[in-house]
Amino acid sequence: MNKFVDAVFGGWGLSGIFHWTSGLPFSIGYGAGWSTNWQLQGQAIQTAPTGKIGAFRDSAGNPNIFQDPTKASGAFRFALPGESGQRNNFRGPGYLELDNGLYKTWKLTEGQSVKFSWEAFNVTNTPRFDAAYSASLFAVQFGQFGRYADTLSKPRVMQFALRYDF
């Protein structure tokens, strides 16, 4: 290629990482009080089916663990004194993330070059909700049972760089 064609079409590169995981296990927390002793807070005990678990919108438009939070909140009871409850009996929603990079290198001389790069992390801007932080029977009295309150992922981030090698 001649120098002009090489400067326009040569030296391009593309990189990417695709990350796909299943959901993390979580328990329905007791939310208030300690059923076993002052140091160990008990978990709730499931007494009926909860319906589908994932990332759903509740009637107010907020993300929720359960497709039907009202049905799910009635499917548990508090642990009695001496019981520790059920631990990690649910699995939160899965997660996918795509990170990409695009770069172009221009060769100036035999020992010198300039490289421009553009990197984007979490390209799809997919949130990974923290189900363990959001699942507490204590939230039933506030109408927030199963409502996601935190994420484990960061929003989309992009960065640019210019590098001179000599």
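The values are calculated or read from the model by the stated rules, or taken from the named source; none is laboratory data. None of the values given here were measured: they were computed from a predicted structure. Using ideal geometry, Cβ is built from the backbone for each residue, glycine included, and neighbour counts are taken over all protein chains shown.
Annotation note: of T70, T105, the sole residue that is modelled with pLDDT of 90 or more and not in a loop (DSSP other than H, G, I, E, B) is T105.
Please count how many residues of segment 41-67 are of a type in the set (S, T, N, Q) and assigned to a loop (DSSP other than H, G, I, E, B). I'd like the intermediate steps shown before the answer.
Filtering segment 41-67 for residues of a type in the set (S, T, N, Q) gives 41, 43, 46-47, 50, 59, 62, 64, 67.
Now narrow it down to the ones that are assigned to a loop (DSSP other than H, G, I, E, B): 41, 47, 50, 59, 62, 67.
Number satisfying all stated conditions: 6.
Being under 22 Å from G143 (Cα atoms) and touching a strand residue (DSSP E or B) at 6+ places or on another chain (Cβ under 9 Å) is the filter; apply it to segment 72-90 and report the residue that is surrounded by the fewest Cβ atoms within 10 Å (Cβ to Cβ). Among those that are under 22 Å from G143 (Cα atoms) and touching a strand residue (DSSP E or B) at 6+ places or on another chain (Cβ under 9 Å), it is R77. Applying the condition of being surrounded by fewer than 19 Cβ atoms within 10 Å (Cβ to Cβ) and in contact with a Gly (Cβ under 7 Å, 6 or more places away or on another chain) to segment 119-138 and asking which residue is modelled with the highest pLDDT yields E119. Can P63 be described as within 28 Å of G143 (Cα to Cα), at pLDDT 85 or above and buried (at least 17 other Cβ atoms within 10 Å of the Cβ)? Taking the combined requirement at face value, the residue satisfies it. The one condition from (1) at pLDDT 85 or above; (2) of a type in the set (D, E, K, R); (3) under 26 Å from L24 (Cβ atoms) that D150 does not meet is (1).
Report yes if G13 is at pLDDT 85 or above and either under 20 Å from N125 (Cβ atoms) or outside any helix (DSSP H, G or I) (or both), otherwise no. Here the answer is yes, as G13 does meet what is asked.
Among residues belonging to segment 73-95 that are assigned to a strand (DSSP E or B) and out of contact with any Ser or Thr (no Cβ under 6 Å at 6 or more places or on another chain), point out the one that is farthest from P127 (Cα to Cα). Walk me through it before giving the result.
Initially, segment 73-95 is screened for residues assigned to a strand (DSSP E or B), giving 76-77, 90-91, 95.
After this cut, where a residue has to be out of contact with any Ser or Thr (no Cβ under 6 Å at 6 or more places or on another chain) as well, the list is 76, 90-91.
Working: F76: 27, F90: 19, R91: 16 Å.
Here the answer is F76.
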